[in-house]
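What follows is calculated from the coordinates using simple rules that are stated; it is not laboratory data. These numbers come from a predicted model, not from an experiment. So basically every Cβ, Gly included, is an ideal-geometry build from the backbone, and we count neighbours across all protein chains shown.
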Amino acid sequence: MTGVLDGITVLDLTSGIAGPVATMLLADHGARVTRIEPPAGTTLPPLSGERVWHRGKRRAELDLTVAADREVLDALVGAADVVVTSCSPATARGLGLDPGRLLELHPRLVCCSITGYGPDGPDAERPAFDALVAARTGQQWEHRGVVGGTIDRLSGGEGVMPGLEPPTPDCRVGPDRDGPLFGGVPWPSMATAYQAVLGISAALRVRARTGVGQQVHTSLLQGVLANTAPSWIRAERYDTPGFRSWIIDPRAPKGFFRAADGRWTHHWTPLPSLVLGVSRGDRLRVPGPEEDTSDGWEVSSPRQSGLRISLAPEDMVLLHHFQEPMRAAVARFPSDEWVSIAAEVLAPVQAVRSPEEALLDPTLLADGCVVEVDDPELGPIRQVGSVYSLSACPTVAPAPPVARGTHTAEVRAEAASAVPAAAPPWERAEPLPVAPLAGIRVLDLGLAVAGPWGTQLLADLGADVVKVNQAHEGYWMGTHYGVMCNRGKRGIALDLKHPDGMAVLHRLVAGADVVQHNMRPDAARRLGVDYASLRPLRPDLIYCQTRGFERGPRAGLPGNDQTGAALAGTTWLDSGLDDDGAPIWTVMSAGDTGNGFLSAIAIVQALLHRDRTGEGQELDTSILYAQLLNASMAWTTPDGSVAGDRQQLDAMHLGWCAGYRLYETADGWLCVAAVTDETWGALCDAVGRPGLAVGQAGEAGAALAAVFRTATTSEWTGRLEAAGVPCEASDPDWVLRAFDDRRLHERGWLARLEHARLGRMTTMGLLVDLSATPGVVQRAAPVVGQHTRELLAEAGYTSAEIEDLLASRAATSAP
């Protein structure tokens, strides 16, 4: 088999970003994707990423406003396995792409629709541009965080550390202005792409077991909810010690320091002991064991550091205190020396690179997460490569994109002779499960966010996920991040260095379908939880390991969202560094969560493969891979001489160009998406500046900015909407209304839960909707050891044996 989706036929009728990225991932893993596009000249201007996102696909043109071409499409649908659309619900109905109609034509079909705000409701027909959805929902206000934290705003608190002011401007996150920030990466679309592939994969597995197709739906709004999950939590006991942190507060500097060579470095989390300890002399070095470090600057390892800044909100004071000394220290030495000394003590520090520089990294090319594709116009170009792998289902290098309409005649001929798709011989006829992964047991050995986020997605698809903690992990599990990415699981606490604790784990593995973790490979081997150690316990085990970086020199280094973003180029894009902006790590960054999405997708696809063949396998992905995918609109030739005309955010984080950006009004902020000649002309006419030339937020942007300040946001939205210009108010208060929105709760997009420590909670709900086998939010995140007794009993231990395990501390039970 070449790719786990070999034999799956996909029709791609999408536009924008989320749909093309999703169908690219399907094509990368063996699906035969045919892209159906309207006639040339009727679409939006091309994006630089389309040279990447359309690789490996056939391309045909059909005019679905014409009855004859709709008949051609109907014939193709009848022979397809998956159809993916991204138009509004009304447009889908008008073009014959309504999911209900398509399933009537072909009941075995998996029909995935991507919308802006959902299949119905008051916002269903709002323009679904990435930036406009981010504006309308208030995501733009969360890029650098909200002073005091949105958790407090939602929960009725006064905000963490009220009255605290940053002592210097460089302690403040983002540009030196108030208001929302425009994203350099289209974060809602990227999250939605992951969600679509996960939903399609789950529906394909259901079909393989039951023969039943269904509708799959996800939206940019659900993408926003995924991006804001750490910040958008309402909790009855929100002030529980250890729950809130400074990470989502813009008053807390995030560890960016410019080195002597002018390059920015990202230290996450900031370690004053490391920076000040190794820089005492005229060169960077780790003090020897005989040297006096009684002043607290112990730097032998981050865990043994004499001073560690915790995530507690009050430690913002420490961040402020050490910002200037650390800035001065980093400025004395070049970036490569900082990266090298940090690697020596296993501290997470990386230099901030552009996405093009990342693509020119030879270690990434050797790994395969960057590939060279022989583009028909430009010759070899480098772009994102494989972002998750399945050991039993290897893939080949992607084929280059072809021109629009290349396969039109071929596709029309296929439609003329198409026959309904027959069920493959391995397809079963089981009853529909209550949820796509009902009956699947997953062991989650993951840490922090990247591992646990992926298994949480599996829990939302119905899997029984068992979170295996060490007893000392209560601090992290109690933070809003720990609560955010462990929902739906049951928790057991084991000491895996105790022989009896490892014996319990082995018994759990023998009864599990999946093991997932995000430890470093060497740590997993030392602990005895690597694939080679666990596979004998369950020969058909699906084992997923996610990492920080690529397979190569960085494989043994500690990785996180922040260092992955620095290396892959998403920090560069989000910071306006093309325009010499100041670096920012946005709370929206989908490196950890993107890695989790990729692991969940790989696991579901591996389950599909095991259902066909009985074969388990080893899976692999990383934070860096996810960040390369998030920056996949970038590409470059191998010598770096030609690069894609990708978006470039300005230093003030206002937008990508004059027609796609934020403007301050007399009482707020307005976001516009005038991205065609027609809508740009309509915008200029509506503001009284006819004939204004579009350009990179220079003279045109300045001229419009002056005009927009003369009236209120509501006045401008009314005037622009009447002129047909897509726009939205950038609304900081949308979330306050949304958490009580009946429709969002009925859809399951928000969830009300009861947490053992925090009481009643409202959080992000389901990120993908399946019509025949809907997902389920099972429970709040566990506290460490909450279900230890219950799970030990299920594993066959007697009451006396359970007490012995608890007495020996091989297992721990929460009180």
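Quick check: net charge around Thr115, other residues with Cβ under 15 Å of its Cβ, Lys/Arg +1 and Asp/Glu -1?
So the environment of Thr115 carries a net charge of -1.
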Open item on the list: In the chain, if the dipole is taken from +1 on Lys/Arg beta carbons and -1 on Asp/Glu beta carbons about the Cα centre, which of Ala524, Val466, Val77 is farthest to the positive end?
Closed with: Val466
TODO: Taking 7 Å along the Cα-to-C-beta vector as the label spot, tell me the Asp645-Ala392 distance in nanometres, rounded to one decimal.
DONE: 4.7
Open item on the list: Given 10 °C and 1.306 mPa s, compute D for segment 1-129 with the Stokes-Einstein relation, Rh being the Kirkwood radius over Cα pairs; round to the nearest whole µm²/s.
Closed with: 106
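Which peptide among 628-634, 496-502, 756-762 comes first, and what is the full order, when sorted by highest mean count of other Cβ atoms within 10 Å?
Ranking, from highest mean packing down: 628-634, 756-762, 496-502.
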Task: Charge dipole of segment 529-655 about the Cα centre (unit charges at C-beta), most positive-ward option of Gly569, Pro638, Ile623 - done: Ile623
Open item on the list: Could you work out the pair-distance distribution P(r) of segment 408-512 from its alpha-carbon pairs, with 5 angstrom bin width and percents rounded to whole numbers?
Closed with: 2, 11, 16, 15, 13, 10, 6, 6, 7, 6, 4, 3, 2, 0
Task: Computed magnitude of the charge dipole of segment 601-750 (debye, nearest 20; Cβ of K, R +1, Cβ of D, E -1) - done: 140
Task: Contact order relative to length of segment 700-810, as percent, for alpha carbon pairs under 8 angstrom and 6 or more apart - done: 12
Task: Cα-based convex hull, segment 208-248, per residue volume (Å³, whole number) - done: 161
TODO: For Ala702 and Arg237, compute 0.36 nm times the residue count separating them, minus their Cα-Cα distance, and round to one decimal in nm.
DONE: 162.8 nm
TODO: Could you please state, rounded to a whole Å, how far the C-alpha centre of segment 790-815 is from the C-alpha centre of segment 462-495?
DONE: 17
Open item on the list: Need one number: the % of Cα-Cα pairs in the chain sitting beyond the 43 Å mark.
Closed with: 26
Open item on the list: As a test of the definition: which semi-axes, in Å, follow for segment 473-530 when you take the square root of five times each eigenvalue of its alpha carbon gyration tensor? Largest first, please.
Closed with: 21, 14, 13
Task: Estimated FRET transfer efficiency when R0 is 35 angstrom, pair Thr43-Arg689 (beta carbons, to 0.05) - done: 0.85
Open item on the list: So if I take the centroid of the Cα atoms in segment 50-121 and the same for segment 431-447, what is the distance between those two points in Å?
Closed with: 30
Open item on the list: Could you give the length gained by full extension between Val419 and Glu314, i.e. 0.36 nm per residue of separation minus their alpha carbon distance, to one decimal place?
Closed with: 31.2 nm
Open item on the list: Give the lysines reachable from Lys489 as a straight Cα distance under 16 Å; neighbours fewer than 8 places away on the same chain don't count.
Closed with: Lys467
- [ ] Quote the relative contact order of the chain in percent (integer), defining contacts as alpha-carbon pairs under 8 Å separated by 6+ residues.
- [x] 18
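Assigning unit charges at the beta carbon (Lys, Arg +1; Asp, Glu -1) and nothing else, what dipole magnitude in debye, to the nearest 20, does the chain show about its Cα centre?
That gives the chain a dipole magnitude of about 1460 debye.
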Open item on the list: I'd like to verify something in the chain: which complete DSSP H helices, judged by Cα projection on the helix axis, reach 30 Å or more and average at least -1.0 on the Kyte-Doolittle scale?
Closed with: 187-210, 592-613
Task: Long-range Cα-Cα pairs in segment 119-160 (distance over 14 Å), rounded percent - done: 59
Open item on the list: Given the options Val675, Thr762, Pro425, identify the residue whose Cα lies farthest towards the positive end of the charge dipole of the chain (+1 on Cβ of Lys, Arg; -1 on Cβ of Asp, Glu).
Closed with: Pro425
Open item on the list: How much of the pair distance distribution for segment 335-422 lies past 23 Å, counting alpha-carbon pairs only, in percent?
Closed with: 54
Open item on the list: Output needed for segment 177-268: three equivalent-ellipsoid semi-axes, defined as square roots of 5 times the C-alpha gyration tensor eigenvalues, in descending order, whole Å.
Closed with: 37, 21, 14
- [ ] Quick one: compute a quarter of the convex hull surface over the Cα atoms of segment 599-638 and quote it in nm².
- [x] 4.2
Task: Stokes-Einstein translational diffusion, segment 654-740 - Kirkwood Rh over all Cα pairs, 1.567 mPa s, 4 °C, in µm²/s - done: 100
- [ ] Apply the Debye scattering formula to segment 493-628, with a single equal point scatterer on each alpha-carbon and no solvent, then give log10 I(q)/I(0) at q = 0.09 Å⁻¹.
- [x] -0.34
Task: Of the trypsin sites (Lys or Arg not before Pro) in segment 167-242, those whose Cβ has at most 15 other Cβ within 10 Å and which sit in DSSP loop - done: Arg177, Arg237
Task: Cleavage-rule hits (trypsin sites (Lys or Arg not before Pro)) in segment 412-447: DSSP loop, at most 15 neighbouring Cβ within 10 angstrom - done: Arg428
Open item on the list: Just to confirm the filter: which trypsin sites (Lys or Arg not before Pro) across segment 610-719 are DSSP coil and have at most 15 other Cβ within 10 angstrom of their Cβ?
Closed with: Arg709
Open item on the list: Using only the Cα atoms of segment 374-422, what semi-axes does the equivalent ellipsoid have when each is the square root of 5 times a gyration tensor eigenvalue? Give whole Å, largest first.
Closed with: 28, 21, 6
- [ ] Calculate the spin-label point distance for Glu165 paired with Glu344, positioning each point 7 Å from the Cα along the beta-carbon direction, and give it in nanometres.
- [x] 4.1
TODO: With r as the distance between the Cβ atoms of Val434 and Arg93 and R0 = 25 Å, compute the FRET efficiency 1/(1 + (r/R0)^6) and round to 0.05.
DONE: 0.25
Open item on the list: Can you compute the modelled spin-label distance between Arg283 and Ala711, with each label point 7 Å from Cα toward Cβ, in nm?
Closed with: 6.6
